[in-house]
2 protein chains.
Amino acid sequence: MVAYTPGEQPQGGGWVKLNTNENPYPPSPRALEAMRAALADEGALLRLYPSPDAAPLRQAAARLHGFDERHIVAGDGPDDPLNLLIRAYAGPGRSVGMLMPSYSLYPVLAAAQGAEVIRVPLMPDYSFEIETVARCGAAVFFLTNPNAPLGVAFKPEKVRALAESFPGLLVIDEAYAAFAETDCVELAKALPNVVVTRTLSKGHALAGLRAGYALCPPEVAEVLHRVRDSYNLDRLAQVAAAAALEDREWLAVTVSKICASRTMLSEELVRLGWKVNPSATNFLLATPVSAQCPASAATAAHAFDFLRQRKILVRLFPHHPLTANALRISIGTEVEMAQFVAAAKAWTKG
Amino acid sequence: MVAYTPGEQPQGGGWVKLNTNENPYPPSPRALEAMRAALADEGALLRLYPSPDAAPLRQAAARLHGFDERHIVAGDGPDDPLNLLIRAYAGPGRSVGMLMPSYSLYPVLAAAQGAEVIRVPLMPDYSFEIETVARCGAAVFFLTNPNAPLGVAFKPEKVRALAESFPGLLVIDEAYAAFAETDCVELAKALPNVVVTRTLSKGHALAGLRAGYALCPPEVAEVLHRVRDSYNLDRLAQVAAAAALEDREWLAVTVSKICASRTMLSEELVRLGWKVNPSATNFLLATPVSAQCPASAATAAHAFDFLRQRKILVRLFPHHPLTANALRISIGTEVEMAQFVAAAKAWTKG
């Protein structure tokens, strides 16, 4: 069994931290107010168990998505819905499918459940054939959409066509949906084999709180509610997540700032001659090149080290041909982006 | 698969809530300070991932128990260490053992992993034979010590003798250890097959925060660190739990108040003619009797209903002969105990 390798979390200050796709802005003030209220009266509420099924979070998610609250399952953490789905639907003889590359946690969770992993490679243009996925034989298939680490999004019509021909459970991991133009929530409402998972870590700037949920067809919700731990989300995370989901204005403003920075960064890097993926997320996958260094894994590692010496952290994904030559750069504040661009220029010009 | 049934959590006010063994006092002020500090600066810290392995909590637990920090594994919630242990050590062909009665969550977690459950009945004097447990055939045995719902504690010498003759992994679930005179932490330091699990929910009055940890032999820690989710405990829970563990004075004062109330309540109920178990926990298991009603499940249900009509909530455990005639009464504040005693007197005198 292999553990998941999270991105580096430097403990000292002074880093421009663009390596784990955290939101560069503080969370909704309403989330803070909700937590401060929950700490009032000497913290008397903390001695009591929270809602066993995270009712505040589920109610807010139900209002946001127009989804039946009973069919929303909250997790212990943003990855917990993925974990619950694998525990309930995978195991020996019931394999887990995924695109390559996508989120490297799926194989870790599958291994913990004794499930084999079926890896369907993405094509060089980042697309997949519906028939290949539909016939891959997985009991549950995880479609990271938008894809990480590539950044690209698959269209809802294509995902719908896949769901309709795939005989197993299709889980659409929408961790980055806040930054995309479309999502697949309607598919989870309409089709009996589609689950959509969400996290508050990225769009809502609450990575520190570990909250996520799954939008499920009725039968799947019923199964997950039985598998999940009781009281699986703490009181502060419940109220903060609910308040954050309610604050749609904060989300719209924050996402539009991040998307504007993403466009600006992409244009700057293209101007330097780097190859930049289209992105429907809060990061860019970009391939550094310079007059001396053609695109290669060694070039990417060289640029990574150059940036790291300047206390700018990004991330390498050396284990897949579609990502090996690239850097994954989280979108930071405008100041951080300016620092990154200056360093990228310095590296490119040698 | 059957879901765990948590105790009732009434949403309206006005209840004397003595049914889920919550601490009646607010948590350590140091835990509150730590959380308020983590919310400072517009909550800017919340946008960042927390320590992936809950380092602040594990360091505080290491200092408290004189235990190697590397061999402490934090959970998503107080029950998560139990869950991790079952995921790593149980499954088809590797069964889970437990005393009956004890914590009804173990069979739920075992079922989720496809593991059979071996139930060893406690004797009418609440003891068990070491040989019977040692030869039960379980791969992992959960010893709730002090026992819930009985309230009694097994002596460390007896637990050590069991660990030395049991060929599997012995997990000592010390959820209630703060209220007992002894614990088995030394066994987890000394023996390769003993794990001790702790929660902050009871003694530390942080049921709302969902924090727990396991003290493990080195090899077990290594396995659990691989099975657990990354970042599995949120930022606020990490710092609050650490601060709570550091505040030994708060714990000593709070536990001594609760134990004094426990003694008072026990004496009052014995005076009424009720049978009361000795308790090393923050609850009493007490069998109501009156001139009209001999000890029976029907009598317990009658007393339960009588109390409930007066907005006093306790808990029934009707499914086991050692608990069917009894009420489990969490120790509340002095005011709540006086309310309970008044109601118990009214019921007893008809």
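Here is the tail figure for region A:88-225: Cα pairs spaced more than 24 Å apart come to 24 percent of all pairs.
Cross-link partners for B:Lys158 among the lysines, with Cα-Cα distance under 21 Å and sequence neighbours closer than 8 places in the same chain left out: B:Lys189. Distances, shortest first, from the label point of B:Lys257 to those at the same position in the other copies read 4.3 nm; the point lies 7 Å along Cα to C-beta. Shielding value for B:202-208 is 5, the average number of Cβ atoms from other chains within 10 Å of each residue's Cβ.
Taking B:Glu336, B:Glu181, B:Glu164 as the candidate residues, the one with maximal mean-square fluctuation in a Gaussian network model of chain B, Cα springs under 10 Å, is B:Glu181.
Taking label points 7 Å from Cα along the Cα-to-Cβ direction, A:Arg271 and A:Ser256 give a separation of 2.4 nm. When region B:29-246 is described by a simple charge dipole with +1 on each Lys and Arg Cβ and -1 on each Asp and Glu Cβ, the residue from B:Leu64, B:Gly208, B:Pro167 located farthest towards its positive end is B:Gly208. What separates the Cα centres of region B:237-299 and region A:307-343 is a distance of 57 Å. What separates the A:Ala342 label point from its copies, with the point 7 Å along Cα to Cβ, is 7.1 nm, written shortest first. Exposure proxy for A:Lys257, B:Lys155: other Cβ atoms within 10 Å of each Cβ, ordered fewest to most, give B:Lys155, A:Lys257. The share of C-alpha pairs in region A:1-95 whose separation exceeds 16 Å stands at 76 percent.
Taking the Cα centre of the protein assembly as shown as origin and charging only Cβ (+1 Lys, Arg; -1 Asp, Glu), how large is the dipole, in debye to the nearest 20?
160 debye
Three principal axis extents describe the C-alpha atoms of region B:181-221; from largest down they are 33, 25, 9 Å. Dimensions of the protein assembly as shown from C-alpha coordinates, computed as largest minus smallest value along each principal axis and given longest first, are 94, 50, 49 Å. Taking the axis that rotates chain A onto chain B, the chain A residue nearest to it by Cβ, with the distance rounded to whole Å, is A:Asp76, 2.
Are there any GluC sites (Glu not before Pro) in region B:1-86 that are in a DSSP loop and have at most 14 other Cβ atoms within 10 Å? List them by number.
Passing both the DSSP loop test and the Cβ count: B:Glu8.
Taking a straight Cα-Cα cut-off under 22 Å and skipping sequence neighbours fewer than 8 places away in the same chain, the lysines within cross-link reach of A:Lys349 are A:Lys275, A:Lys311. Distances between copies at A:Ala298, taken between label points 7 Å from Cα along the C-beta direction, are 8.8 nm in increasing order.
So for region B:243-350, Kirkwood radius off the Cα pairs, Stokes-Einstein at 20 °C and 1.002 mPa s: how many µm² s⁻¹?
Estimated diffusion coefficient is 149 µm²/s.
Rounded to the nearest 5, the antiparallel percentage of DSSP beta bridges internal to chain B is 45%.
Projecting the alpha carbon convex hull of region A:232-299 along each direction and taking the average yields 7.1 nm². Using the beta-carbon distance between A:Asp125 and B:Asp305 and R0 = 41 Å, what value does 1/(1 + (r/R0)^6) give for FRET efficiency, to the nearest 0.05? The value I calculate is 0.05. For region B:25-94 and region A:8-56, write down the distance between their C-alpha centroids in whole Å. Distance between centres, Cα-based: 15 Å.
Most fluctuating residue of B:Arg135, B:Arg235, B:Arg58 in a GNM of chain B with Cα springs under 10 Å: which is it? Taking springs between Cα atoms under 10 Å, the residue moving most is B:Arg135. Shape index of region A:166-295: Rg/Rh, with Rg the Cα radius of gyration and Rh the Kirkwood radius from the inverse mean 1/r over Cα pairs, equals 1.08. DSSP beta bridges confined to the protein assembly as shown are antiparallel in about 45 percent of cases.
What's the local net charge at B:Glu8, with K and R +1, D and E -1, over the other residues with C-beta under 13 Å away?
Net charge in that neighbourhood comes out at +4.
Relative contact order of region A:29-246: 31 percent, from C-alpha pairs under 8 Å at least 6 residues apart in sequence. Rounded to the nearest 20 debye, the dipole magnitude of chain A is 780 debye, with +1 charges on Lys and Arg beta carbons, -1 on Asp and Glu beta carbons, and the Cα centre as origin. Which residue fluctuates most in the GNM of chain B (Cα springs below 10 Å): B:Pro318, B:Pro156, B:Pro26? Comparing B:Pro318, B:Pro156, B:Pro26 in the GNM, the peak value goes to B:Pro26. Principal axis extents of the Cα atoms in chain A, from largest to smallest and rounded to whole angstrom, are 58, 55, 36.
Read-outs: derived from the displayed coordinates by stated rules, not from any lab. Because the structure is a prediction, the values reported are computed rather than measured. All Cβ positions, even for glycine, are placed from backbone atoms using ideal geometry, and neighbour counts span all protein chains on display.
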